[in-house]
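Okay, structure first, notes after.
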Amino acid sequence: VLDGRGSAIGAGKPLSLMLLTVQNSAFILTMHFSRVPSGEHRYYASTAVFLHEVIKLAVSLTLALYEASKTLAPSTPATVLFEQIYNAMFAGDGWKLVVPGILYTLQNILQYVAIENLDAVHFQVLYQLKILTTALFSVYLLSRPLGFKRWLSLIVLTLGVSIVSLPGSTANVTRRVSGSDSLLFHGMPDHFFPRSRHELGHPVLEGAPAHLTRRSATYEGIDNDLQFVEPPMNYSLGVTAVLVAAAVSGLTGVYFEKLLKESPTQASVWVRNLQLSFYSMIAALVGGVMWQDGAGIREHGFFEGYNAVVWATIGLQAAGGLLASLVIRDADNIIKNFATSISIILSFLVSVWVFEFEVTLTFLLGTLLVLLSTYMYSVFEEASVRHRPPAIRV
Ligand code: C5P
C-alpha cells in the first residue's frame with residue numbers, strides 16, 4: 001500500500017519513529033558523557049563523525065546491494081550487481097547529495113562544539129529551534145503550506161519543550177547520591193541535576209582530591225565545602241554553534257526530503273543514503289580529520305581517547321542517521337522533529353527512574369503541551385495532504 005507520496009504504509013512507520021525517539025535520548029546521553037573531561041586526552045570529534053559515516057556507508061551499501069539483487073536473476077554475477085550500484089550512485093542527480101553531505105557534516109561537528117560549550121539544558125532548548133527552521137524550509141522548498149492549526153501546534157510544541165527543559169522544572173537530587181551511583185551520575189547531562197552539578201563533583205575542579213576528577217571516581221562522602229569551579233566553557237561559541245546547527249538541520253533535512261520524494265531519478269532510500277554518506281565521509285575526512293583536527297591527530301593518533309562510550313556514541317549516531325532517513329521517507333522532517341522532542345521527555349522519565357528524580361508541576365505542564373501539540377499536529381495532517389506532490393515510488 002502506498003500513501004500520497006509513494007511510501008509504504010505499515011508497521012515500519014511507527015516503529016522507526018519510536019526507535020528514533022529512544023535513539024535520540026540515548027545518543028545525547030552518551031555523547032555528553034563521552035565529551036566530559038576524564039583526565040585523559042579527549043577523543044577528536046571529527047574522527048567520530050568520520051567513523052559514523054563509514055558505518056552508515058557500510059549498512060547502506062549492504063541494503064542497496066540486497067535490494068538490487070532482488071531484481072536480478074539468481075545466477076547474475078556479483079560484478080554486475082556492483083556495477084548496478086556504482087551506476088545508481090553516480091548516475092542522474094546523485095551529485096546533488098554533495099550539498100547535504102557537506103551540510104550534515106558541518107551540523108554533526110557543530111553539535112559536538114555545542115555540547116562541549118553549553119550545559120545540556122541550553123543545548124536541548126536551543127536545538128529545538130530546528131523545528132521552526134524545518135517548517136520554514138518545508139514551506140519554502142517543498143511548497144507545502146502548513147495551515148494555521150499546524151503552525152499553532154508548532155508554537156505549542158516549542159513552548160512545551162522550552163518549559164520542560166527549564167532548569168526550574170527539575171528537582172535537586174544532590175542528597176541522594178551514593179557511591180554506587182557514581183558511574184551513572186558522572187558526566188550525565190546537567191539538566192538531570194541542574195542545581196547540584198558543582199556538588200556532584202564535576203570533573204573540572206580545583207583543589208579537589210584527584211579521585212574526583214576521573215571517570216571512575218566515587219562520590220561517596222563528597223565534602224560540600226570543596227571549591228568547585230566552572231568548566232572552561234565558551235558560552236557564546238556554544239550558542240552560535242547550536243543555532244547554526246539548528247538552521248543547517250532544517251535546510252538539509254528538507255533538501256534531502258525533496259531529493260528523495262520529488263526527484264525524477266527514483267533512487268531508493270538506501271541508494272540515497274549511500275550517496276549521502278559517501279560525500280559526508282569525504283567532507284568529514286577532509287574538513288574534519290585532516291583540516292580541523294589534523295595537527296592533533298598526527299601527534300596523538302586517530303584513536304586517541306577512544307573507549308567503549310565513544311564507540312557507543314558513534315554507533316548510536318549512525319543508527320540515528322539511518323532511522324532519520326526512514327522517518328523522512330515514510331513521514332516527513334517535521335514529524336521527525338516531533339519524535340526527537342518527545343525524546344527529551346523520555347530522558348526525563350529515565351532520570352526519574354534511575355536518579356529518583358522529583359517531577360515538578362512545570363515539568364508536567366511542559367510534557368502535556370508537547371503531547372498535546374503532537375496530537376494536534378497529527379489530527380490536522382489531512383488538511384495539508386491535498387497540497388502534496390503526486391506519488392513517487394521509492
Ligand atoms: O538534528 P537532525 O534531526 O537534523 O539530525 C539529522 C541527523 O541525521 C544528522 O546527524 C544527519 O547526519 C543524519 N542523517 C543521515 N542520513 C540521512 C538523513 C539524516 O545520516 N539520510
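Coordinate-derived values only; no laboratory data. Bear in mind that the values here come from a model prediction, so they are computed numbers and not experimental data. Neighbour counts are summed over all protein chains in view; Cβ atoms, including those assigned to glycine, are modelled from backbone coordinates with ideal geometry.
More than 16 Å apart: what percent of Cα pairs in region 49-120 qualify?
The share of Cα pairs beyond 16 Å in region 49-120 comes to 64 percent.
Mind giving me the nanometre distance, one decimal, between the label points for HIS41 and LEU136, set 7 Å out from Cα along Cα→Cβ?
4.1 nm
Compute the signed sum of charges (Lys and Arg +1, Asp and Glu -1) over the other residues within less than 12 Å, Cβ to Cβ, of GLN111.
In short, +1.
Taking just the C-alpha trace of region 104-157, give me its Rg and Dmax in Å.
13.9, 38
Quick one: net charge around THR158, please, counting Lys, Arg +1 and Asp, Glu -1 for every other residue with C-beta under 14 Å from its C-beta. Before the final figure, lay out the partial values.
Details: positive: LYS130, ARG150; negative: none.
Net local charge, THR158 excluded: +2.
Which links in LYS70/LYS336; LYS258/LYS336; LYS56/LYS336 stretch past 24 Å when you go from one Cα to the other?
In this structure, LYS70/LYS336 lie more than 24 Å apart at Cα.
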